[in-house]
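Visitor: Supplied in structure tokens, the structure appears directly below.
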Amino acid sequence: MLAADLAIVAFALPGHLALWIGRANALHATALPEWAVRTLSACCHCALLSGFLAFGAWFYFGGSLVDPSADWSTGRGLAVAYVSVCFAVVAGPVRTWFYYRFLGPPPDSLLSSTSQEIDVAALLGRVPARGFAAQVLLRLRLNESLRLEITEKHLAVPRLPAALDGLSIAHVSDWHLGYKIALPYFEEVARRVNALGCDLICITGDLFEKKTGYDWTAAVYGQLRAEYGAYFCLGNHDAYLQDTAHIRNLLTAAGLVDVGQRCVEVVVRGERVVLAGNELPWITPAADMTHAAARSKADGGPLRIALLHTPDEIVWAQRHDFDLALAGHTHGGQIRLPVIGPVLVPSRLDVHYSAGTFDEPPTVLHVSRGISGKMPLRYDCLPEITRLVLQKKGDGSLFLIRPSQRGSTA
């Protein structure tokens, strides 16, 4: 009987994990105050652990799922009910995870991807940490928080005006200035962004973690340069500081353009480009697209680019006919387990939009793994700067993903 009980529980285990990890992930996609998110997330993690302890104790004292005559059989109804819930849960998110992890087709819009890795600590000659805890974490052998990946991706955008073929965008997200990682790291990131020579720079939220980071604004964000401007929206950690008006003033004074709650139009190579922001659910409202430039029947322009903090808002981008949506917030999960991949991803949609490129017609979505985070701990999930090169159209037969050029480079 014990073998049968253990087999049932083993099959229910993925559902148990998906149930409570999924709830914790979803909490981080809500507009609840930070303290509430932390408290309720801790409750979810306790429930996750309690499930293991409860079943272990129940079996130890003679309980059984398959033998109603066993000792502690009075809890059998509750145990069977919970196992049934776990089986029901596993049929949903676990099946979806398996499909996108192993079977899902690559996005047609992603034509090529190449990357190089930079060991920022080695480049600086020291670990840029703030405080003893950060020194310990950042020196862990497998921690990749200071190993920056610079990636170039070519994306097919069907309605891209011909004059904008080859338009380049530096997408950077989730800097979290002012906490565990020191200023020299972010100065190096800004230098690397500028070195890409992109037409546009787009930052998709969480620019600050603590108010101490305000003093770094000029040294980091004030150094960003692109021919047609650098644009930003805010994220939940900016909202948690309860100082968004001051943050916007700091960033605009540093030369960045705020699109968080509005849309702006810029002329690039003689073509209009509309950029708009969505900081929901933490900061309302999203940009009002009512008066945005209408599309041309001739070439489909103007190009529409959405800056989202969370990829959960992709539906908004689709509804407003954006060609390209850029998002962050997820950090790629920060820790990617072997075979399983990311587990803790702050999204209502669990791990689906953890990072990468996604075709969501009429929109191409790109989700960044971010530059930093509140917890300076990463495994198999390097922080990243991405150079996106937009192309008018791609050959459907072409899908070239070149392997990353691993190793340090200056």
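The values are calculated or read from the model by the stated rules, or taken from the named source; none is laboratory data. As the structure is a prediction and not an experimental result, all values here were calculated from the model. All Cβ positions, even for glycine, are placed from backbone atoms using ideal geometry, and neighbour counts span all protein chains on display.
Visitor: With (1) at pLDDT 70 or above; (2) outside any loop (DSSP other than H, G, I, E, B); (3) over 32 Å from the mean Cα position of the chain (by Cα) as the list, and Y82 as the residue in question, which single condition is left unmet?
Guide: (3)
Visitor: Of the residues that sit in region 329-352 and are in contact with a Leu (Cβ under 7 Å, 6 or more places away or on another chain) and assigned to a loop (DSSP other than H, G, I, E, B), which one is modelled with the lowest pLDDT?
Guide: V343
Visitor: Only one of these conditions is not met by R95: (1) out of contact with any Gly (no Cβ under 9 Å at 6 or more places or on another chain); (2) at pLDDT 75 or above; (3) outside the structural domain of E360 (by TED's automatic domain parsing). Which number is it?
Guide: (2)
Visitor: (1) surrounded by 23 or more Cβ atoms within 10 Å (Cβ to Cβ); (2) modelled with pLDDT of 95 or more; (3) in a loop (DSSP other than H, G, I, E, B); (4) of a type outside the set (S, T, N, Q): which one isn't true of L160, the others all being true?
Guide: Result: L160 passes all but (2).
Visitor: With respect to the numbered conditions (1) buried (at least 19 other Cβ atoms within 10 Å of the Cβ); (2) among the hydrophobic types (A, V, I, L, M, F, W, C); (3) modelled with pLDDT under 95; (4) closer than 30 Å to R141 by Cα, which one is the sole condition not fulfilled by L382?
Guide: L382 satisfies all of (1) buried (at least 19 other Cβ atoms within 10 Å of the Cβ); (2) among the hydrophobic types (A, V, I, L, M, F, W, C); (3) modelled with pLDDT under 95; (4) closer than 30 Å to R141 by Cα except (3).
Visitor: Could I ask something else about it? Residues of region 156-198 being closer than 20 Å to S368 by Cα, touching a strand residue (DSSP E or B) at 6+ places or on another chain (Cβ under 7 Å) and among the charged types (D, E, K, R), which ones?
Guide: R192
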